[in-house]
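Notes follow once the structure below has been shown.
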Amino acid sequence: MGNVQELRPISLCSPCPGLRVTEVDWQRLSNGTAHHTQEYPGPELVVRRGQRFTFTLELSRPLESEETLIFTVETGPQASEALRTKAVFQTSELERGDTWMAVKEAQTENTTTFSLASPPNAIIGRYQLSARVSSRRKHSDRKLGEFVLLFNPWCPEDDVFLDSEEERQEYVLNDSGIIFRGVEKRIRAQGWNFGQFEEDILNICLSILDRTPSYQDDPATDVSHRHDPIYITRAVSAMVNSNNDRGVVQGQWRGKYGGGTSPLHWSGSVTILHKWFKGRFKPVRYGQCWVFAGVMCTAHDTDRNLSVDKYVDSFGRTLGDLTEDSMWNFHVWNESWFARRDLGPSYNGWQVLDATPQEESEGVFRCGPASVTAIREGDVHLAHDGPFVFAEVNADYITWLWNEDESRERVYSDTKKIGRCISTKAVGSDSRVDITSLYKYPEGSQKERQVYSKAVKKLFSVEASARRAWVRRGGSRRLWRDDLLEPATKPSITGKFKVLEPPVLGHDLKLALCLTSLISRAQRVQVNLSGATILYTRRPVAEILHESHTVKLGPEEEKKIPIAISYSQYKEGLTEDKKILLAAMCLVTKGEKLLVEKDITLEDFITIKVLGPAVVGVAVAVEVMVLNPLSERVEDCMLMVEGSGLLQGQLSIDVPSLEPEEKASVQFKITPFKSGPRQLQVDFVSPHFPDIKGFVIIHVATAK
């Protein structure tokens, strides 16, 4: 049986008196299966646009042959046919895909079954359905109930159509995912509970649209635009952050999270959305990019010149008051799949969305949708926010030495640091897929340089008419377009940091700076070393290394400078990001300058094992192995556990005190209530060291 909604008797006021609706059966089970919405908990019917759904009316008497029901669907306040937020239609046998329609499928005595279909470009949201019997006399509609209409990736006529069942399962129906964080050579996976099918989440997501400034200003017009995925995604991009409105999450990047929750403590969206909704739309504190969205490694270009400019002192330390641009260790954003009718079919497909509040777009902190194809081809002039997204993945990284006389010198460094290892979760597995080639041509290739030059020219042709256009930064400095394309002089040495032992949280760090001469004569190099604990945005927190060396390099000789940093040196300044940045400014004779940098992420340990088969409704044991990474005894540790379809809410488990570097096993039981692949997330929390996270995929069988 479907969902039967009990109603008080409703008179439909037909010429034959006494016609009433006594019950409405929304057939939630069959409709949910057909529309891929059966996981939503109800009680409302949830269906997708461009596709029929059925319901049954139990009437007080049979419909007469000359009687026809006239249906009305309405969404939003002040619904009107002119705005397409209201449609009035009667039963018909004609198939029309461009409008709402109803068909009488069956009639048995007092029971009549109807099917309704919406056009594939219908407005999404919550609808009210009402009906009346056709008659010469005027009669008011009588409400039958409400349903929710969603976009339909299964409908070929819908702009969001995705022609792959595997991808639809992954990107529409999967209620958990993986966020990749870290640096290029140490990318770590973090589980994330999307939880779109959890209790009240759909309702909360719809309420996000109703909290936008455009809805508050003119709700009827705002709702009329909700047929367009471009409009919806721009609205959501703005509302996920709280910068211009009472959005969902408040950002914080300074490592201080008083009065809120550290971004690293979150393991999913459900808790955040519930907290925002129950708190009467007060922004939830705090979030960072992976909380705002989803996929990695990027840059931020504040002056819209398609380069990221970093100013350093003679020790390679970042000068924060001069460096307006920033290159984060990683960045996380979203992609959404839909057609771009505003740009043309060449730009259909994946679109970049970024809810992390970094720059305003048309006066609002939001970003996208920007076509991934447009970014790869350098078409930065196309809507929306092309220059910013291009800079996120393809900007040149330029380093300047800032002198005491306020002059600057270009320093040779790796300009291709940005946009490496752009990653996402593989379809149907937990492995990482590198999608960098979808965003950019191979680094340093002729095509990549052509696209970069094209993007620069398009940007400047849009923003300025002068032949040598320049960008003013705070009214104090000018950066000419020519600077973007001229590389720094290549020095006569190379350098790189080498990690001698795995960098483990709580242990000393051992590295070496390897310098190699590229010429056939001896030379002297002054090496100024610095190191700092940093946030993942690369913002320095505390200096942990500051020393100088003079190195004599023979012809084509390699030498190593040993570097040791004790745990006591970095312990106090280490943030929850567990990151350290080392820099070496190498000053060679004849004025050559080389900057060598190394980002280090400290390793940790956690394993999760399910002790037996997982079956719906049957308790199963889980074992978590944790390690005290410190050389001191720790207490007051705990595990925070959550998983959609595995647990209702979060589970907190105390961990016994741990001796120095002691491993411990913690066991607990869960009772799955949904079948299929389910993600269990475990967060090892301690006041003595940063959180240690892990996750495991559990394949839950249906009970026999």
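The values are calculated or read from the model by the stated rules, or taken from the named source; none is laboratory data. Keep in mind the model is a prediction, meaning the values are calculated, not measured. No Cβ is skipped: glycine too gets one built from the backbone with ideal geometry, and neighbour counts run over all protein chains shown. All accessible areas refer to the heavy atoms of the entire protein, side chains included, with ligands and DNA or RNA removed. Shrake-Rupley method; radii C 1.70, N 1.55, O 1.52, S 1.80 Å.
Of note:
- Using the Stokes-Einstein relation with a Kirkwood hydrodynamic radius computed over Cα pairs, the translational diffusion coefficient of segment 209-279 at 20 °C and a viscosity of 1.002 mPa s comes to 156 µm²/s.
- Check: segment 541-684 dipole with +1 on Lys, Arg Cβ and -1 on Asp, Glu Cβ, in debye: 480
- Reciprocal mean inverse distance between Cα atoms of segment 47-96 - Kirkwood radius, Å: 13.5
- Surrounding net charge for residue 552, when Lys and Arg each add one and Asp and Glu each subtract one, Cβ distance under 10 Å: +1
- Largest to smallest in accessible area, the residues 350, 192 fall in the order 350, 192 (1.4 Å probe, all protein chains included).
- Here's how it looks for residue 698: its modeled amide H is under 5 Å from those of 678, 679, 680, which are all 5 or more places away or on a different chain.
- Per the Debye calculation on segment 41-177 with a single equal scatterer at every Cα and no solvent contribution, log₁₀ I(q)/I(0) for q = 0.17, 0.21 Å⁻¹ amounts to -0.99, -1.36.
- Within a straight-line Cα-Cα reach of under 21 Å, residue 669 can be paired with the following lysines, leaving aside sequence neighbours fewer than 8 residues apart in one chain: 609, 693, 704.
- Segment 377-430 - Rg (one decimal) and Dmax (whole number), Cα, Å: 16.9, 58
- Farthest toward positive dipole pole in the chain [+1 Lys/Arg, -1 Asp/Glu at C-beta], among 600, 431, 78: 600
- Partners for residue 447 among lysines (Cα-Cα distance below 30 Å; same-chain residues under 8 apart left out): 185, 310, 416, 417, 425, 457, 458, 490, 496, 593, 598
- In the full protein context, segment 494-566 carries 47 Å² of accessible surface per residue, based on a 1.4 Å probe and ignoring ligands, DNA and RNA.
- Whole-number percent relative contact order across the chain, with pairs defined as alpha carbons under 8 Å at least 6 apart: 8
- In the context of the full protein assembly, residue 437 retains an accessible surface of approximately 80 Å², using a probe radius of 1.4 Å and ignoring ligands and nucleic acids.
- Calculated over the chain: convex hull of Cα atoms, volume per residue (Å³): 179
- By the rule of a C-alpha distance below 14 Å, with chain neighbours fewer than 8 residues away ignored, the aspartates and glutamates paired with residue 440 are 377, 379, 392, 396, 448.
- Paired Rg and Dmax values of segment 629-701, which use every Cα atom, in angstrom: 13.9, 43
- Cut-off 17 Å (backbone N to label point 7 Å along Cα→Cβ of residue 603), residues of segment 681-700: 692-694
- Spin-label pair residue 104/residue 184, simplified geometry with 7 Å Cα→Cβ offset, distance in nm: 7.0
- Surface composition of the chain: carbon and sulfur make up 49 percent of the accessible area, probe 1.4 Å.
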